[in-house]
1. Can you name the residue in segment 194-247 that is over 26 Å from the mean Cα position of the chain (by Cα) and among the small types (Gly, Ala, Ser) and is also nearest to residue 325 (Cα to Cα) among such residues?
2. Evaluate segment 173-183: report whether one residue or more is over 26 Å from the mean Cα position of the chain (by Cα) and over 21 Å from residue 485 (Cα atoms).
3. How many residues are within 15 Å of ligand 1 (Cβ to nearest atom) and over 21 Å from the mean Cα position of the chain (by Cα) when one looks only at segment 378-409?
4. For segment 134-148, indicate whether the set of residues that are touching a Phe, Trp or Tyr at 6+ places or on another chain (Cβ under 7 Å), modelled with pLDDT of 95 or more and either among the acidic types (Asp, Glu) or open to solvent by less than 50 Å² (accessible area, probe 1.4 Å) (or both) is non-empty.
5. If we scan segment 335-352, do we find a residue that is within 16 Å of ligand 3 (Cβ to nearest atom) and touching a Lys or Arg at 6+ places or on another chain (Cβ under 7 Å)?
6. Can you list the strands (runs of 3 or more DSSP E) lying wholly within segment 335-450 that have 3 or more residues being more than 30 Å from residue 87 (Cβ to Cβ) and in contact with a His (Cβ under 6 Å, 6 or more places away or on another chain)?
7. Mind listing whichever residues of segment 284-341 are among the small types (Gly, Ala, Ser), within 16 Å of residue 359 (Cβ to Cβ) and within 14 Å of ligand 1 (Cβ to nearest atom)?
8. Based on this model, can you work out whether residue 323 counts as more than 12 Å from ligand 2 (Cβ to nearest atom), touching a residue at least 12 places away in the same chain (Cβ under 8 Å) and surrounded by fewer than 17 Cβ atoms within 10 Å (Cβ to Cβ)?
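The values are calculated or read from the model by the stated rules, or taken from the named source; none is laboratory data. Quantities reported herein were computed from a predicted structural model and do not represent experimental measurements. All Cβ positions, glycine included, derive from the backbone under ideal geometry; neighbour counts span all protein chains shown. To get the accessible areas, we keep the full protein, side chains included, count just its heavy atoms, and leave off ligands, DNA and RNA. Shrake-Rupley method; radii C 1.70, N 1.55, O 1.52, S 1.80 Å.
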Amino acid sequence: MEFSIKTGSTEKQHHNCVIVGVYESHQLSDSAKAIDALSSGYLSNIIKRGDMDGKSEKTLMLHDVPGMHSDRVLLVGLGKEDGFTDKQYAKAVRASVKALAASGASEAVSYLVELPVKALSLRRKVSLLAEVALDATYRFDAIKRKKDAAEENDAKKGVKRLTIHIADATHVKEAEAGLADGKALAAGVSLTKDLGNLPPNVCTPTYLAEQALGLGKTYGLKVEVLERAELETLGMGSFLGVAKGSEEPPKLIVMQHLKGKPGQKPVVLVGKGITFDTGGISLKPGAEMDEMKYDMCGAASVLGTFRTIAEMGLPLNVVGIIPTCENMPDGRATRPGDVLTSMSGLTIEVLNTDAEGRLILCDALTYAERFEPSAVVDIATLTGACVIALGHHATGLFSNNDDLAQELLQAGETALDRAWHMPLWDDYQPQLDSNFADMGNIGGRAAGSITAACFLSRFTKKYDWAHLDIAGTAWKSGKEKGGTGRPVPLLTEFLVSRAGHAQR
Ligand code: BES
Ligand code: MN
Ligand code: ZN
């Protein structure tokens with residue numbers, strides 16, 4: 001989809017479609033009012049008849065509205081006018097783009113940016129519009145040879161162009177900056193979705209490493225890929241213990257975006273990259289096991305975020321570390337009862353080979369120490385228990401530093417990609433006790449997402465650290481099965497805000 005910014009009166013110009021809003025109070029937005037006046041009350045009549053109640057996400061496509069040069073007017077319900085929020089705004093944008101995609105119009109002009117949204121700048125409104133429009137029209141068809149008829153029809157139609165109308169010509173620069181932000185974010189989100197959606201026989205650890213190297217080439221980032229022999233030298237016995245059962249060689253990907261001041265301590269992002277999680281010898285049940293191809297979404301979110309901040313040229317030092325391998329059952333695979341020695345020297349009794357995410361992350365977290373980070377954030381589809389606790393709306397957030405936790409929570413609120421703060425109290429630590437090693441890798445059924453975080457906390461004592469459990473938010477099941485691109489918006493907002501502070 002192409003975007004452009006326009007100012008001035010466009011009612012007289014010819015568009016396939018003009019997008020305007022109406023509140024559930026039946027109050028029209030400014031441009032809807034203008035169209036209503038131009039058409040001698042055509043819009044207000046329709047609303048009076050009850051065909052559009054202005055409820056959030058409702059849409060009504062009107063054709064050949066009198067007095068209009070454009071073919072269509074799309075009325076979008078906005079919901080409550082009082083305290084109109086960024087969430088309502090995003091919903092209206094999404095609904096309008098979906099309705100547009102389902103229509104015969106291939107381009108449109110949207111007037112939704114004119115809506116006053118509590119605490120949102122014009123730049124943010126434009127950025128959010130582009131981000132949501134691109135998210136709503138994302139499609140994964142890279143490996144579908146035969147598109148079904150309906151999709152083929154849609155593809156032909158598609159929305160090719162969206163013009164964003166802004167009221168004030170003196171604000172074009174601000175709007176252009178917002179458009180660039182939104183497109184950069186959407187590019188990262190789309191990469192994260194693509195990597196999640198790819199089948200596990202394509203998206204292997206080697207494939208992820210190639211993606212990182214590709215990003216490095218495109219954006220001039222420093223990217224290293226550490227192979228098995230180097231991981232052995234580093235003493236990453238925990239990570240290697242997970243990789244042992246697979247024919248696919250493990251990789252440790254290290255990426256560096258160094259656009260901050262020289263010497264500035266970097267933010268380190270660590271992403272779980274299990275390209276398929278069978279559970280290993282503690283084999284998972286068969287139902288929906290295909291979804292364990294998404295177990296690399298933490299890694300994908302690091303790659304996506306790097307794409308976004310590189311596009312933006314964000315003035316900050318950021319390091320990405322991705323431990324990636326498969327978790328497979330095999331004659332050589334790690335057994336329940338085996339004891340592994342991690343890079344930190346701490347020993348781990350593997351009581352369940354399906355708790356493998358923490359085993360690859362702990363070595364990557366130890367490796368992170370060498371960058372003398374200002375903060376480390378790991379992102380992982382770590383526990384089913386997190387899905388039970390928070391469902392599919394909030395990412396689970398754990399941290400050894402309350403300020404860092406607040407920063408990430410705020411970034412999630414701003415980015416409409418929310419997280420919820422979970423406890424990391426010492427009270428839970430004894431659940432990891434082992435009779436045979438420094439710790440076990442599981443803590444029993446109770447508080448499963450917390451004991452997983454407690455396990456990681458034992459490897460993050462030397463720096464400020466937060467852990468994002470994205471098991472419930474990284475992808476959707478059912479009819480809309482697919483990667484969501486979360487938490488790229490949260491991470492980007494967190495880094496953008498850090499870069500802002502660093503400059504001041
Ligand atoms: N990748 C899974 C977590 C997961 C499960 C994510 C379901 C999304 C949906 C992780 O490796 C895992 O298997 N965790 C176990 C831990 C348990 C053995 C302590 C789990 O959550 O069941
Ligand atoms: Mn597992
Ligand atoms: Zn897993």
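1. 243
2. Scanning segment 173-183 turns up at least one residue that is over 26 Å from the mean Cα position of the chain (by Cα) and over 21 Å from residue 485 (Cα atoms).
3. Of the residues in segment 378-409, 0 are within 15 Å of ligand 1 (Cβ to nearest atom) and over 21 Å from the mean Cα position of the chain (by Cα).
4. no
5. Looking for residues that are within 16 Å of ligand 3 (Cβ to nearest atom) and touching a Lys or Arg at 6+ places or on another chain (Cβ under 7 Å), one finds none in segment 335-352, hence no.
6. Once the strands (runs of 3 or more DSSP E) in segment 335-450 are filtered for at least 3 residues that are more than 30 Å from residue 87 (Cβ to Cβ) and in contact with a His (Cβ under 6 Å, 6 or more places away or on another chain), nothing remains.
7. Listed by number, the residues that qualify are 298, 299.
8. No: the conditions fail for residue 323.
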